[in-house]
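Q: Following this message is one structure expressed as C-alpha cells.
The values are calculated or read from the model by the stated rules, or taken from the named source; none is laboratory data. All values reported here derive from a predicted model rather than from experimental measurement. Methodologically, a virtual Cβ is constructed for each residue, glycine included, from the backbone with ideal geometry; neighbour enumeration extends over all protein chains shown. Surface areas here come from the heavy atoms of the whole protein model, side chains and all, with no ligands, DNA or RNA. Shrake-Rupley method; radii C 1.70, N 1.55, O 1.52, S 1.80 Å.
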Amino acid sequence: MKRTLWSMLIVCYLVTVVLVFLFLNTYGMNLLEKRLIKDKEDLLVKEANLINSEYMANLYDKKLTQQEFATQLKSIDTYLNIRVWIVNPGGVVIIDSDARSNIPLISINEIDPTFLDKTISVNTRLGNVLKEPMLSVIQTVNYNYQFRGYIVLHTPMSSIRETAVVYFDIINICLLLFFPILLAIFVYIYFLTVKPMRHLIKAAMEYSAGNFDYQINMRGSSEFRELGATLTYMANELSQLDNYRKKFVANISHDFRSPLTSIKGYVQAMLDGTIPQDMQEKYLGIILFETERLNKLTASLLELNQLENRGALLDIVSFDINHIIKKTAESFEGACRSKKVTLNLVFASEETYVDADVGKIQQVLYNLLDNAIKFSHNNSKIKISTEEKGEKVFVSVKDYGIGIPKDSIKKIWERFYKTDASRGRDKKGTGLGLSITKEIIQAHNENINVISTEGVGSEFIFTLKKTVT
Ligand code: ADP
C-alpha cells in the first residue's frame, strides 16, 4: 500500500482502537476485579462485625436460642448471598446459614489447618465442602475475655466476576460509541492537513517549473500559512536570482562581444589589406585598448566571484588610513595632471588608525578616486577627507563633476550598471567597480553611501572601524 497520509492515519486509528480494546479488557478488567473483591471484603468484614456485636453476646447470655440465631443467619444468607458459619474453638462448624447443606459436622481444621488463622481467603474451596470458589472472611469471637470460636463468612467469587462483566459491558458499549467519533476526528485531521498540503505541493511544482508568479492563498492553521509565506518568499528570491542571472549573462555577452567584434574586424581588415600598412599602427592601438578592456573585465569578474565566495576572509590589521589615502592619491598624479584636477586631502588628525584589510580598502579608494577623476570636469577639485565620530572613521571622496541622475543613484551599485552619460564619456569602464567596492565594505560590516546631484557633483562616504587604543 502506498504510504499516504490517509493510509497512515487509518493505521493509527486501527492501532488505537485495538490497543484501547485490549488494554481495557485485560489490565482494566483485572483492576476492576481487584477493586470489586476489595469492596466485597469490606462488606463481609462489616457483616461479621455486626454478627459479632449484635448476636453473639445475646447467644451466650441465652437471650437468643441457637435455633433463633440460625434463622437470623439464614435471612442474611438469602438476602445478601452471604453464607455464615459459626465455628467452635476446635474448628468445627456448629451453625451453618445454608440450611440445605446437610453436613452436620464440618471440621475445618481437618480439611485445612491454616484456614482459621487467616482473616481473608480468596477462591476458598475447603476440599469440596464449598460447591464453588468463595471469598471468605474469618473473624475470632471473644466473650467475657474468653475465646469462643470464629465467625466465617463466604460469598461466591462468581458473583464478583458477574458484576465485573456487567461493568465491562457498559464500558465496551461506550467505547463502541466513542470509536466512530474518534474516526470522525481522524478524518477531520486528514482534511485539515491534506488540503493545504496539496496546495503547497502544487505551488512548489509551479515554482520548480519556473512559474514564479503563482499565488498561494493559504487558509487553515498558522503553520501552513507560515510555510506558504516562506514558499512565496523563496519563489520571489528565486525569481530575482533568475532575472539577475539572465541580466548578468546578457551583460557579460554584450561587454565581451563588442570589443571582440572590433578586434576581429580590425585584424581581418589588416589581413585582407583593407587597412593599409601605414595606418595599421593606429588600429593596433585600438586593438590594444580593447584587449586591455577585456582584461580589466575578466579581472573584475574574478575579483567579484572571489569576494562572494570568501567574502568574510579578510586580513584585518590596524593601519593609518590617512597614509593609504596619500599613497593612493599619488598613483593618480598623472591622470590629475592631464585633466588639471586638484586633489585636496583634509584629515581631522595627522594619523587615523582603523581596523580593516589594507589591500581591499586601497582598492575601494582606488575605485572611488578613479570614478571621481573620470567624471570630473577639467580644472576642477576633488576633496578626500577623514573624520572620526565615536567608534567610526568616515572617509569621503567628493567631486564637483557631472553628478549622477536621480533615477540612477540606486542602480550604480548593480553589476554592469553605467549611466547613459558615462557610456559616452567612459568607454573603458566596466560598471563593476562600485559593485566590488560595496562588497568589500559590506564584508567589513561597514556602510557606504552616495550623495549626488546631476551637474553639481558626487560624494561617496564610507565608514571604517576605528582602532581602539
Ligand atoms: P565603472 O567601472 O564603469 O566606473 P562603477 O561601478 O565604478 O563602474 O560605476 C558605475 C557607474 O556609476 C558609472 O558608470 C557612472 O555612471 C556612475 N558613477 C560612479 N561614480 C561616479 C561619479 N563620481 N560621478 C558620476 N557618476 C559616477
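Q: Would you mind finding the longest exposed-site-free stretch of the chain, with exposed GluC sites (Glu not before Pro) meaning DSSP loop and at most 13 other Cβ atoms within 10 Å?
A: 1-349
Q: While we're here: In terms of Cα to Cα distance under 13 Å, which aspartates and glutamates are near enough to K247, apart from those fewer than 8 places away along the same chain?
A: Of all the aspartates and glutamates, those that pass the test against K247 - Cα under 13 Å, at least 8 places apart if same chain - are D255, E414.
Q: Continuing with the same structure: Could you give the distance between the Cα centres of segment 147-173 and segment 345-396, to the whole Å?
A: Between the Cα centres of segment 147-173 and segment 345-396 lies a distance of 100 Å.
Q: For segment 274-314, state which trypsin sites (Lys or Arg not before Pro) are in a DSSP loop and have at most 10 other beta carbons lying within 10 Å of their beta carbon.
A: R310
Q: Next question, about the same structure. Once all Cα-Cα distances of the chain are split into 10 Å bins that start at 0, what whole-number percent is in each one?
A: 3, 12, 13, 10, 8, 7, 6, 6, 6, 6, 7, 7, 5, 2, 1, 0
Q: Are there trypsin sites (Lys or Arg not before Pro) in segment 184-230 that DSSP marks as loop and that have at most 10 other Cβ atoms within 10 Å, and which are they?
A: Counting only loop positions with at most 10 other Cβ atoms within 10 Å, the trypsin sites (Lys or Arg not before Pro) in segment 184-230 are R219.
Q: For Y13, tell me the accessible area in Å² from a 1.4 Å probe, rounded to the nearest 10.
A: Accessible area, nearest 10 Å²: 30 Å².
Q: Tell me the mean residue ellipticity at 222 nm calculated for the chain from its helices only (DSSP H runs of n ≥ 4, each -39500 (n - 2.57), averaged over every residue, nearest 500).
A: Rounded to the nearest 500, it is -18000 deg cm²/dmol.
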